[in-house]
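Please read the structure below before turning to the comments.
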Amino acid sequence: MDAFDPDREAVIQRAKDSGIAALITIGSDMAGNIGGIDLAEKYDFIYSSVGFHPHDAKDFTGEIFDKIKGWATSRYSALTKGGKIVAIGEIGLDYHYDNSPRDIQREVFRKQLLLAKESNLPVIIHSREAQKDTLDIVEESGVRTGVFHCFSGDLKMAKRVIAMGFHISIAGPVTFRKSLTLQEVAKAIPDEYLLIETDAPYLTPEPFRGRRNEPAYIVHTAQVIAKIRNVTLEDIARITTLNARRLFHIGEMPEQGEIAYKIRDSLYLNITNRCTNRCAFCIRFHSDYVKGHKLRLSHEPTEEEVIQAIGDPAQYQEIVFCGYGEPMLRLDLIKNVARWIKQQGGKVRINTNGHGNLIYKRNIIPELRGIVDRISISLDAQDEETYNRICKPEFGNAYHEVLNFIREAKKVIPEVSVTVVTAKGIDIEQCRSTAGELGVGFRVRNLDVVG
Ligand code: SF4
């Protein structure tokens, strides 16, 4: 972009200094494609995309298509070792400016989607006031990997985009006070589909609105999104960096599942991937990651490994036994490690499905006295029939026993709460009233929000 001609190197340096792990420069015309590839060759943390923007669709030729195809399928492609071209884009439809006739925009969009399919690269999609045509064309193309960039649609469109398997990228306008629809979308996107971007030199976030945008300002967009989603800036940085790396094939993915991982100010312990339920909404069935942390374990950790992974318990608000599964399956480990955490001045919470007494065929709650401060139990349904249908427990009579577990927990553990997920068929109000009758806290967890 010409806007960076006077100080491009200083802008790149500021991006690096602000903590940006990788930067993708977007191709939208031939000069931009060539300039982006040059930058990607020059800087190790810069990557580029190649494509032709709908604004210029009227100038698209067979020669241009061949050139873009050549880049996307050659040594430059990120799918070859050392290649730095990570996507086909920016492509799409723009019915706001209508700089090119709409039928030509659609034709050029279709051709480049086909190229993405052939080259196995994700797409970066621009869609402005052209929601229906964009979604229809993407749907018919069969392309299912990419991002809707600078998303400006509503929640309904976001859900359709995600259902097709696409990421959604949020830019600076989310920081504007009046961007309520965008803020609603930014709150609702599941972690694994969220990306952030600058669209520099455009769409400058607050507090720099009105000035030229640049990559370093992404921090301000990330801060606002963190606040909207009730996580920390560190959480958003980790989640979006991981998503970008996975989508665009940048760098190595973590091989090992993490034993201890931080979300907000708490430390979570991943002690097993086994569970006695098979809940329809369980994230384990479609992802290895929670909030940017890889949780699929290669082996169940020992007590020593867990203690080593914790470090100093007192530096966290609380230490949460959860697992990417049911932690009570490892009761002895919980008891020994929780005792150690308390001795070190830490606070202990357990997140459980409430099957502890079914697993051990005895009342285990008294064994947790004095070593557990809080327990959060998944109630998950208003009655046995719904529970069995949604959670598919391996035990008969499980719902009844979960209710008993809650009653027993209340006698021994200082703070007891139950959770439900906003899944189809779950009567939240009836669950709330059950929690009230049991005299315990109640929390509703949105489907797709884990951690
Ligand atoms: S109880 Fe939790 S870990 Fe187990 S299947 Fe259900 S959601 Fe997954």
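A short reminder: the numbers here are calculations on the coordinates, not readings from a lab. These figures come from a predicted structure and were not determined experimentally. Cβ: placed from backbone, ideal geometry, glycine included. Neighbour counts: every protein chain shown.
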Give, in nm to one decimal, the length gained when the segment between D17 and K411 is fully stretched (0.36 nm per residue of separation minus the Cα-Cα distance). 136.5 nm
With θ taken as phi - 60° and the coefficients 6.51, -1.76 and 1.60, list the Karplus ³J(HN,Hα) couplings across region 102-110 in order, rounded to whole Hz; mark glycine and proline as x. 4, 5, 6, 4, 5, 5, 5, 4, 4
Please give the charge dipole size of region 2-248, origin at the Cα centre, charges +1 on K and R Cβ atoms and -1 on D and E Cβ atoms. Round to the nearest 20 debye. 660
Sum of side-chain charges, Q256 neighbourhood, beta-carbon under 15 Å (Lys, Arg +1; Asp, Glu -1): -4
Tell me, what HN-Hα J-couplings in whole Hz come from the Karplus equation 6.51 cos²θ - 1.76 cosθ + 1.60 at θ = phi - 60° for each residue of region 218-223, using x for Gly and Pro? 4, 4, 5, 5, 4, 4
Reach of K42 by Cα under 14 Å, taken over aspartates and glutamates that are not fewer than 8 positions away in the same chain: E9
Percent antiparallel among DSSP beta bridges (both partners in region 260-445, rounded to 5): 25
Just to verify a number: FRET efficiency for Q344 and M253, C-beta to C-beta distance, R0 = 25 Å, to 0.05? 0.15
Give me the lysines in straight-line cross-link reach of K58: C-alpha distance below 27 Å, same-chain residues under 8 apart excluded. K67, K69, K111, K117, K132
Straight-line reach check, K411, cutoff 13 Å on alpha carbons, 8 or more apart in-chain or any other chain, hits among aspartates and glutamates -> E367, D373
What ranking, highest mean first, results for peptides 256-267, 148-159 when packing means the other Cβ atoms within 10 Å averaged over each residue? 148-159, 256-267
Between I428 and E129, what length in nm is gained on full extension when 0.36 nm per residue of separation is reduced by their alpha carbon distance? 104.0 nm
Taking the Cα centre of region 260-445 as origin and charging only Cβ (+1 Lys, Arg; -1 Asp, Glu), how large is the dipole, in debye to the nearest 20? 200
Sorted from largest down, give the three principal axis spans of the alpha carbons of the chain, whole angstrom values. 74, 43, 41
Taking the alpha-carbon set of region 1-105, what are its Rg and Dmax in Å? 14.8, 44
Could you list which residues have their amide H under 5 Å from that of A87, counting only those 5 or more apart in sequence or on another chain, with H placed in the peptide plane? V50
How much of the DSSP beta bridge set in the chain is antiparallel, as a percent to the nearest 5? 15
For P301, what charge total do you get from the other residues with a beta carbon under 11 Å from its beta carbon, if Lys and Arg give +1 and Asp and Glu give -1? -4
Counted charge near K84, where neighbours are those whose Cβ lies closer than 15 Å (Asp, Glu -1; Lys, Arg +1): +1
At 0.36 nm per residue, and after removing the present C-alpha to C-alpha distance, how many nm does the segment from A280 to E140 gain when stretched out fully? 47.5 nm
Distance from region 1-76 to region 152-168 (C-alpha centre basis), Å: 26
For region 90-215, what does the equivalent ellipsoid look like in terms of its semi-axes, each the square root of 5 times an eigenvalue of the Cα gyration tensor, given largest first in whole Å? 24, 17, 14
Cα-centre dipole for the chain with unit charges at Cβ (Lys and Arg positive, Asp and Glu negative), debye to 20: 1040
For region 2-248, what does the equivalent ellipsoid look like in terms of its semi-axes, each the square root of 5 times an eigenvalue of the Cα gyration tensor, given largest first in whole Å? 26, 22, 17
Once phi is turned into ³J(HN,Hα) by the Karplus curve 6.51 cos²θ - 1.76 cosθ + 1.60 with θ = phi - 60°, what whole-Hz value does each residue of region 394-409 show in order, with x for glycine and proline? 7, 9, x, 6, 5, 4, 4, 6, 5, 4, 5, 4, 5, 4, 5, 4
Counting only residues 5 or more places away or on other chains, whose amide H sits under 5 Å from the amide H of I24 once H atoms are built in the peptide plane? Y47
Separation in nanometres of the label points that stand 7 Å from Cα toward Cβ, at D154 and T302: 5.8
For R102 and H400, what does the FRET efficiency come to when R0 = 56 Å and r is the distance between their Cβ atoms, rounded to the nearest 0.05? 0.40
